[in-house]
Structures are given as structure tokens and as C-alpha cells.
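A short worksheet on the structure shown next.
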Amino acid sequence: MEIRPLNIFYEEPDPDRWIRFDRYPRRLIRTIVRGPQPAGGVMMVALQLMRGLERLNIPYRFNDYRYIKKHPEELACLIGKPQLLFERQWPNPVLFGAGVYSHPVECPDLFEKYPNVKKFLVPGEWMRKMCEPYYGNKVLSWAAGIDVDRWRPAEGRKTTDFLIYDKIRWDHRRFQGSLIQPILKKLDDHQLSYRFIKYGSYRHDELLEGLTCCKAVIFLCEHETQGLAYQQILATDTPVLAWDRGGYWQDPAYYPSIKYGPVSSVPYWDSRCGEKFVDAGNFEQALLLFTERLKSAYYAPRQYILDHLTLEKSAQAYLDIVASLNEDTADR
């Protein structure tokens with residue numbers, strides 16, 4: 001049976017700034033001066049999906065606008081970002097996401113304004129529940145896959161106890177005093193060594209290098225919709241001690257006008273991955289349990305990723321969603 005190629009689209013927003021079409025020379029100058037732009041989180045979603053499809057031998061077209069224009073009956077898979085939907089005319093049925101806007105208030109009448117959008121994909125379950133009152137059963141959670149060949153256990157002796165992954169995005173100065181410093185004091189009290197890596201200022205190879213010498217990771221982030229970085233860490237078979245504060249979604253672009261909770265910093269997780277703590281007050285209790293279980297090889301974080309979040313499993317889950325939409329279209 002012949003498999004119809006998927007039509008995948010992804011573009012970064014790059015509007016004209018001063019005159020019409022000036023985005024093109026500006027893009028060229030940026031590339032010359034700064035080099036190729038590294039893939040961000042949403043771009044990684046598109047790249048990882050395509051890699052997963054390749055491993056399943058599923059054909060696809062990428063940003064083939066000429067083809068999709070000639071075939072309005074075929075599904076258009078718009079990974080993101082939202083300007084792809086809002087700034088182009090799409091007569092095709094559309095699968096929208098998972099790299100979309102952060103909250104439905106950005107487009108509460110999405111399915112009325114764009115009736116050709118069949119489903120709205122978000123990266124995780126708590127975000128799906130946040131969107132559900134607006135979009136009902138048209139919102140689905142779907143996670144990008146992790147390349148377990150690149151993110152794999154390191155060989156050699158690990159000499160540092162913890163790599164502290166700092167992804168605290170808002171009000172960092174306050175958390176430096178109320179969270180990070182108390183954590184460091186407890187690590188010092190228990191004579192546990194550590195080093196830091198900060199989100200937004202490292203390359204993937206630097207994270208891999210840090211994981212080769214660290215036995216475990218302390219992951220600090222207010223919340224994640226999916227959390228590719230901590231899942232890459234888990235894929236290296238490195239257990240994680242995660243700050244999972246719960247409570248409200250904290251994005252200052254929306255909070256406190258919009259209050260939704262509970263959220264999670266580790267939305268894909270089970271007991272094989274590590275331990276969680278809520279704040280500095282219960283960090284030591286979690287730390288002692290975590291370090292004791294580390295000694296007995298209690299955790300199996302890579303197996304969790306292999307069971308749930310490989311490139312192949314993610315791509316297959318996406319294909320299942322596409323198949324269900326194609327069946328609905330055929331029934332009509």
C-alpha cells in the first residue's frame with residue numbers, strides 16, 4: 001500500500017521591518033554576521049518529527065507551498081509558529097501545532113475563524129486541560145520525540161555529584177535567594193559536589209559534556225509544557241531531582257490576569273525518572289531519598305524515554321492523529 005507523504009510546514013516569524021521585503025536581505029546579513037541560527041524549542045519539534053518519520057520510512061514534504069496550493073484536499077500539518085496559519089490562505093484541512101501560541105485567549109474563536117483547522121496540538125497534558133474549556137475535544141496533547149542515539153549514556157567515571165540545570169525564567173533574583181542558595185547550602189552540608197549550566201547560554205554539546213561527569217541533575221524550572229531538555233537528560237540515563245512547584249502557570253505575559261493550575265515542570269514523568277521537591281523547605285528530604293536510591297541503582301530514566309518518547313514513538317503518535325483526521329475527511 002502506497003503511503004501518502006505528509007505535508008509539513010514550519011517557519012519562524014520574520015516580518016518586514018522598514019520596507020517591503022527587507023526581511024530577505026536582513027536574513028542574509030544575520031546569517032553572514034552571526035552564522036546559522038541554532039534551532040529553538042519549537043523548531044526542534046518540527047525537526048524531531050521529520051527525523052522520526054524518516055526512521056519509520058514515512059515520506060514527507062517540507063514547506064512545499066507550491067504542491068499544497070495545487071492539492072487543497074490534502075492535509076496541511078502546520079507545526080508552528082502561528083503566523084503560518086494567520087498570515088496565509090489555507091483552503092486545505094489543517095492540523096495545527098504543537099508549536100503554537102501559549103493560550104487560547106490569543107485566538108478564542110480559532111475554530112470559527114478557521115473552520116478548516118481540524119485539531120489543535122499542544123505539547124503536554126496540563127496545557128491541553130488549560131485549553132480544553134476554549135477548544136473542547138479539538139485540542140490534543142502530542143509530545144516531540146527524543147533522539148536516543150545522540151542522547152545516550154556516557155562512558156567513564158562520573159566525578160561530580162550534580163549538574164544544576166538552571167531554567168528559572170522569571171524573577172530569577174528572588175529565586176536566587178529563596179531557592180538556589182538554600183539548595184547549594186544543603187549540598188555543601190552533605191559534601192555533595194556540583195556544577196551549573198544555564199538555559200539559553202549553552203550548546204547541546206556542552207550539556208552532553210556536563211552529563212559525562214555528573215551523576216545526577218537538579219532541574220530548576222517554573223514549569224514546562226513538554227520539557228525537551230530534561231527529557232534529553234533522562235535519555236542519557238541520568239536521574240533528575242526536579243523542582244516541581246505546581247501552582248499556577250506563571251508566564252508574566254498572562255499571569256495573574258489568567259490563572260490556571262496546577263502546572264508541572266516535569267509533565268512527562270514516572271518513578272523511574274527521579275524525585276521531585278516543591279520548594280527549598282522540602283529539598284533536603286527529597287535530596288536524602290534521591291541520593292540513597294542513586295546508590296542502589298533504583299532509577300531507570302532512559303527506559304522511561306525508550307518506553308514513551310523516542311523519535312519513532314512520537315512520529316507514530318503523530319501519524320495516528322493524521323490517520324484519524326484523514327478518516328474523518330473521507331467519511332464526509
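Between Ser296 and Arg157, the FRET efficiency from the beta-carbon distance, with R0 = 22 Å, is close to 0.70.
Its relative contact order, with pairs defined as Cα atoms under 8 Å and 6+ residues apart, puts the range 160-308 at 25 percent.
Put simply, the amide H of Leu121, placed in the peptide plane, has neighbours under 5 Å in Phe96, Gly97, Leu140, leaving out anything fewer than 5 places away on its chain.
Couplings 3J(HN,Hα) for the range 143-149, derived from phi with the Karplus relation 6.51 cos²θ - 1.76 cosθ + 1.60 (θ = phi - 60°), are 9, 5, x, 10, 7, 6, 7 Hz, where x marks Gly and Pro. Debye-formula intensities of the chain, expressed as log10 I(q)/I(0) at q = 0.07, 0.09 Å⁻¹, are -0.33, -0.54 (one equal scatterer per alpha-carbon, no solvent). The distance between label points at Glu106 and Asp251 comes to 0.6 nm (points 7 Å beyond Cα on the Cα→Cβ vector). Bridges between two residues of the chain, per DSSP, are antiparallel at a rate of about 0%. Amide H to amide H, with H built 1.01 Å from N, Phe196 comes under 5 Å of Ile164, counting only residues 5 or more places away or on other chains. Take every Cα pair under 8 Å whose residues are at least 6 apart in sequence, average their separation, divide by the length of the chain, and the relative contact order is 17 percent. What is the distance in Å between the Cα centroid of the range 153-191 and that of the range 255-328? Going from one Cα centre to the other spans 19 Å.
Measuring against 18 Å, Cα to Cα, the residue pairs Lys138/Lys259; Lys129/Lys198; Lys167/Lys198; Lys69/Lys113 contain Lys138/Lys259; Lys129/Lys198; Lys69/Lys113 as the ones spanning a longer distance. Highest GNM mean-square fluctuation among Cys221, Cys107, Cys273, for the chain modelled with Cα contacts below 10 Å: Cys107.
Going by the alpha-carbon gyration tensor, a ≥ b ≥ c the square roots of its eigenvalues, is the range 43-183 rounded (a/c under 1.5) or, if a/c is not under 1.5, prolate (a/b greater than b/c) versus oblate? Verdict is oblate for the range 43-183.
Computed over the range 88-143, relative contact order equals 38 percent, with contacts defined as Cα pairs under 8 Å that lie 6+ residues apart. Residues whose amide H comes within less than 5 Å of that of Thr310, counting only those at least five positions distant or on another chain, are Ile146 (H built at 1.01 Å from N in the peptide plane). Per residue of the chain, the DSSP helices (runs of n ≥ 4 H) give a summed -39500 (n - 2.57) that works out to -11000 deg cm²/dmol at 222 nm.
The angle between the Cα long axis of helix 204-213 and the main principal axis of the chain comes to about 30°, on a 0 to 90 degree scale. For the range 160-308, the pair-distance distribution built from all alpha carbon pairs, in bins 5 Å wide starting at 0, is 2, 9, 19, 24, 22, 15, 7, 2, 0, 0 percent.
No value in this document is a laboratory result; all are computed from the given coordinates. Every value quoted in this text rests on a predicted model; they were computed, and no experiment measured them. Every residue, glycine among them, receives a Cβ derived from its backbone with ideal geometry; neighbour counts consider all protein chains shown.
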